[in-house]
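First comes the structure, then the notes that go with it.
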Amino acid sequence: MHQMKKLIAANWKMNKAVPEAVSAAEELKKLVKNAKNAEVVVCPPFTALEAVGKELKKSNIKLGAQNMHFEGSGAYTGDISPLMLKSIGCEYVILGHSERREFFKEDDMLINKKVASALSHKLKPILCVGENLEERNRHWTQEVLEKQLNNCLQNVTKKQMKNVTIAYEPVWAISRGDPNHKAATSKDAEEGHALIRNFLSIIFDRKTAENTRIIYGGSMKPENAKDLLSRKGIDGGLVGNASLNAKSFAEIVKAAEN
């Protein structure tokens with residue numbers, strides 16, 4: 001099986017104004033400075049990207065954005081381009097997050113344009129795919145994942161796939177901060193990852209599928225990280241709520257190290 005560093009990415013979503021974001025980055029830097037076997041990425045909101053990027057310079061933490069427009073520049077009021085992200089040191093960008101799909105009506109075609117644009121600007125997309133509760137209850141998981149992957153990866157080459165990470169995000173398992181929420185079991189997560197990897201081997205080939213990092217984005221937290229990350233084919237995590245606290249995020253990084 002493929003041997004690669006696990007990727008643990010913090011998605012801070014619409015949280016942390018600049019001072020708070022910088023102090024969280026400062027704290028995190030100390031907590032994960034010895035991480036050798038995991039790649040750590042922090043994705044702050046746009047307003048805090050530059051300041052957090054400066055704080056993380058000379059650290060082992062990479063900078064990522066939570067979204068972007070597909071054009072390099074233009075009359076798109078309120079939007080942010082890949083060139084802008086590159087200019088402040090971003091290496092990664094989250095695309096097609098379930099919240100963008102649900103609340104901002106982003107569809108696969110738009111996400112595909114963003115993926116192509118990110119790759120052409122040498123940004124590494126973390127492409128999110130996943131089914132919602134209704135789709136899961138109707139046993140449509142496989143169809144939904146295959147459709148999203150097929151559409152969002154149109155015209156992406158095998159060579160470009162080296163820079164693409166897929167995040168499996170079962171929308172029904174995302175807590176959005178609800179403490180009583182039940183995450184997916186590690187078996188659910190493993191099955192979702194296997195479906196994705198299997199379909200990647202159909203779109204591309206077996207080698208590409210095995211070398212693609214597929215990370216889990218369904219409410220990973222310190223309590224379940226070790227179990228999830230020990231599962232076959234789970235190559236890391238896209239962490240939402242649990243990433244807002246530097247200590248809990250660092251525990252997840254530690255779980256990926258072992």
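When you filter the trypsin sites (Lys or Arg not before Pro) in segment 198-258 for DSSP loop state and at most 13 other Cβ atoms inside 10 Å of their Cβ, you are left with LYS232.
Neighbours of ASP107 by Cβ distance under 12 Å: Lys/Arg scored +1, Asp/Glu scored -1, total +3.
Surface composition of segment 86-167: carbon and sulfur atoms hold 51% of the protein heavy-atom accessible area at a 1.4 Å probe.
Sites listed here are trypsin sites (Lys or Arg not before Pro) in segment 94-140 whose DSSP assignment is loop and whose Cβ has at most 15 other Cβ atoms within 10 Å: LYS105, LYS122, ARG138.
Ignoring aspartates and glutamates fewer than eight residues from LYS159 along the same chain, the ones with Cα atoms less than 17 angstrom from its Cα are ASP205, GLU210. Residue ranking by accessible heavy-atom surface, 1.4 Å probe, largest first, among HIS69, HIS193 comes out as HIS69, HIS193.
Each eigenvalue of the Cα gyration tensor of segment 154-239, multiplied by 5 and square-rooted, gives one semi-axis; in descending order these are 26, 12, 11 Å. Computed across the chain, the Kirkwood radius stands at 18.1 Å (inverse of mean 1/r, all Cα pairs). When the chymotrypsin sites (Phe, Trp or Tyr not before Pro) in segment 65-133 are filtered for DSSP coil states and for at most 16 other beta-carbon atoms within 10 Å of their beta-carbon, the remaining sites are TYR76, PHE104. With the cut-off at 29 Å, tell me which of the pairs LYS162/LYS247; LYS232/LYS254; LYS207/LYS247; LYS57/LYS147; LYS5/LYS187; LYS58/LYS113 have Cα atoms farther apart than that. Too far apart for the 29 Å limit: LYS162/LYS247; LYS207/LYS247; LYS57/LYS147; LYS58/LYS113.
For the residues SER219, SER248, SER201, a GNM of the chain with alpha-carbon springs under 10 Å puts the largest fluctuation on SER201. For the chain, set up a Gaussian network in which alpha carbons nearer than 10 Å are linked by springs, and say which option among SER98, SER117, SER59 fluctuates the most. Fluctuation is largest for SER59.
The values are calculated or read from the model by the stated rules, or taken from the named source; none is laboratory data. Since the model is a prediction, treat every value here as computed from it, not as a measurement. Note that we place each Cβ from the backbone using ideal geometry, even for glycine, and neighbour counts take in every protein chain shown. Heads up: the accessible areas ignore ligands, DNA and RNA and are worked out on the full protein's heavy atoms, side chains in. Shrake-Rupley method; radii C 1.70, N 1.55, O 1.52, S 1.80 Å.
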